[in-house]
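These notes concern the structure reproduced below.
Coordinate-derived values only; no laboratory data. Computed from a predicted model, the values in this text were never measured in an experiment. Cβ placement follows ideal geometry from the backbone for every residue including glycine, while neighbour counts extend to all protein chains displayed.
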């Protein structure tokens, strides 16, 4: 049995570390400034404190303290709507918008990370109380690693095969292999697309992947991430240079057309492979009886 | 507040007068040559930030997506 001071301190520490470990600048390019970090670290600290204080409260039979956790849940739901709102408001300023599905996904991830901070601090506080500081820290670390593993996301790489697709025109119609992308009227634009444009074909590995890739939110996320990573040769008012993703309805393959600032097909394929599968777009028809039967 | 037209034909540019009926929803611009057609389409699309589509019968549409 350890003093409450140690219990709470270790809990807060481990919970805050958990939040910090999950806070990295990633391909989403967000958050990228110290201010953005600070917001999330501060909230992570609050989450960790709630988790850590819960243990002594419960031991002292102050069961009403649990209601504070409900308050915390409310607070973190607010984080989600805060993220959603701010990203949605910024959509107009993006040359290639993220799309509402991707925004919802990012917001959800931010919310869940705070719960991870709570559970980590709760776990390590329990460890400190019943065992000692050493085991408390170990518990916290194990939880952090566990959450890292659990929260790892599926990416396009794991559900599909990504390869280069040849761009070509039939009259004004732009195709990536046999997938029709759009009708480009201006001859000059066609010339630029022919010279600088790149095409990518994403072949789904199974029926689950096919249904997921058909989702418009997932496609918009791919277009956004690819143009965020490779840059995009487009300005406001040049809609014909917007990256577009269209589907071959017979095979379920999707074809993307993009004019990146860095026309490097290898990097483009890698960028597409790294796009996360969005939770709300993910479909698993194969895990149902009907879907399985329909697939044979 | 931002108010604008979307998913509508903003303008029609044609050198084939017979193919377009005037008095529809969108303004119609006539051109005499292919070059003029191309130039008008480019100008109007840049002004309206719309997209140019080619109907291949001497008519271009400008549509805002």
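Taking the simple approach of a point 7 Å from Cα along Cα-to-Cβ for both residue B:56 and residue A:141, what is their distance in nm?
Label-label distance for residue B:56 and residue A:141, simple model: 6.7 nm.
Report the full-extension gain for the segment residue A:152 to residue A:93: residue separation times 0.36 nm, less the Cα-Cα distance, to one decimal in nm. Walk me through the intermediate numbers first.
Numbers: separation 59, 0.36 × 59 = 21.24 nm, distance 2.95 nm.
Gain on extension, residue A:152 to residue A:93, equals 18.3 nm.
Note the angle between two axes, namely the Cα long axis of helix A:133-150 and the longest principal axis of the Cα atoms of chain A, as a number of degrees from 0 to 90, rounded to the nearest 10.
Long axis of A:133-150 versus the principal axis of chain A: about 20 degrees.
Fewest to most neighbouring Cβ within 10 Å: what's the order for B:43, B:30?
Numbers: B:43 12, B:30 15.
Listed from fewest to most nearby Cβ atoms, that is B:43, B:30.
Using only alpha carbon positions, build the gyration tensor of segment A:24-162, then give the equivalent ellipsoid semi-axes as the square roots of 5 times its eigenvalues, largest first, whole angstrom.
Working: eigenvalues 212, 72, 31 Å².
Equivalent-ellipsoid dimensions as semi-axes: 33, 19, 12 Å.
With springs only between Cα atoms under 10 Å, which of B:31, B:41, B:18 fluctuates most in a Gaussian network model of chain B?
With Cα springs under 10 Å in chain B, the top fluctuation among B:31, B:41, B:18 is at B:18.
Translational D (Stokes-Einstein, µm²/s) of segment A:151-296 at 4 °C and 1.567 mPa s when Rh comes from the Kirkwood sum over C-alpha pairs? Show your work: numbers first, answer last.
On the way: Rh = 15.7 Å.
Taking Rh from Cα pairs, D becomes 83 µm²/s.
Take the alpha carbon atoms of segment A:159-233, find their center, do the same for segment A:5-21, and report the distance between the two centers in whole angstrom.
Using only Cα atoms to place each centre, the spacing works out to 46 Å.
For the protein assembly as shown, max minus min Cα coordinate along each principal axis, in Å, sorted largest first?
Taking max minus min along each principal axis of the Cα atoms, the protein assembly as shown gives 92, 52, 38 Å.
Which whole number gives the average count of other chain Cβ atoms within 10 Å of the Cβ atoms across peptide A:228-240? The partial results should precede the final answer.
Values: counts 0, 0, 0, 0, 0, 0, 0, 1, 1, 7, 4, 8, 4.
Other-chain Cβ atoms within 10 Å of each residue's Cβ, averaged: 2.
What is the angle, in °, between the Cα long axis of helix A:100-130 and the longest principal axis of the Cα atoms in chain A? Nearest 10 is fine, range 0 to 90.
Helix A:100-130 and the main axis of chain A meet at about 20 degrees.
Please compute P(r) over all alpha-carbon pairs of segment B:8-64, binned at 10 Å starting from zero, and give each bin as a whole-number percent.
27, 61, 11
Taking every Cα atom in segment A:219-296, find the radius of gyration and the maximum pairwise distance Dmax, and write them in Å.
When restricted to the Cα atoms of segment A:219-296, Rg and Dmax are 15.7, 48 Å.
Regarding segment A:151-194, what is the average projected area of its C-alpha convex hull, in nm²? Show your work: numbers first, answer last.
Numbers: hull surface 17.9 nm².
Reported value for the Cα convex hull: 4.5 nm².
How many nm is it between the label spots at residue A:9 and residue A:214, if each spot is 7 Å from the Cα in line with the beta carbon?
5.9 nm
Roughly what angle does helix B:34-48 make with the longest principal axis of chain B, taking Cα atoms, 0 to 90 degrees, to the nearest 10?
Once rounded, the angle reads 10 degrees.
Taking the Cα of residue B:16, stepping 7 Å toward and past its beta carbon, and measuring to each backbone N in segment B:39-54: which are under 15 Å?
Answer for this model: B:53-54.
Let's test the formula: R0 of 41 Å, r as the Cβ-Cβ distance of residue A:295 and residue A:86. What FRET efficiency results, to the nearest 0.05?
Efficiency for this residue pair is about 0.50.
Hey, for a label at residue A:161 modelled as a point 7 Å past Cα toward Cβ, could you say which residues of segment A:181-218 have their backbone N under 12 Å away?
Counting only backbone N, you get A:202-206.
Given a Förster distance of 41 angstrom, what is the FRET efficiency for residue A:133 paired with residue A:108, based on the Cβ-Cβ distance and rounded to 0.05?
Values: r = 34 Å, r/R0 = 0.83.
The value I calculate is 0.75.
State the Cα centre-to-centre distance between segment A:38-110 and segment B:15-65 in whole Å.
51 Å
Project the alpha carbons of segment A:106-172 onto their principal axes and report the range along each, largest first, in whole Å.
74, 22, 13
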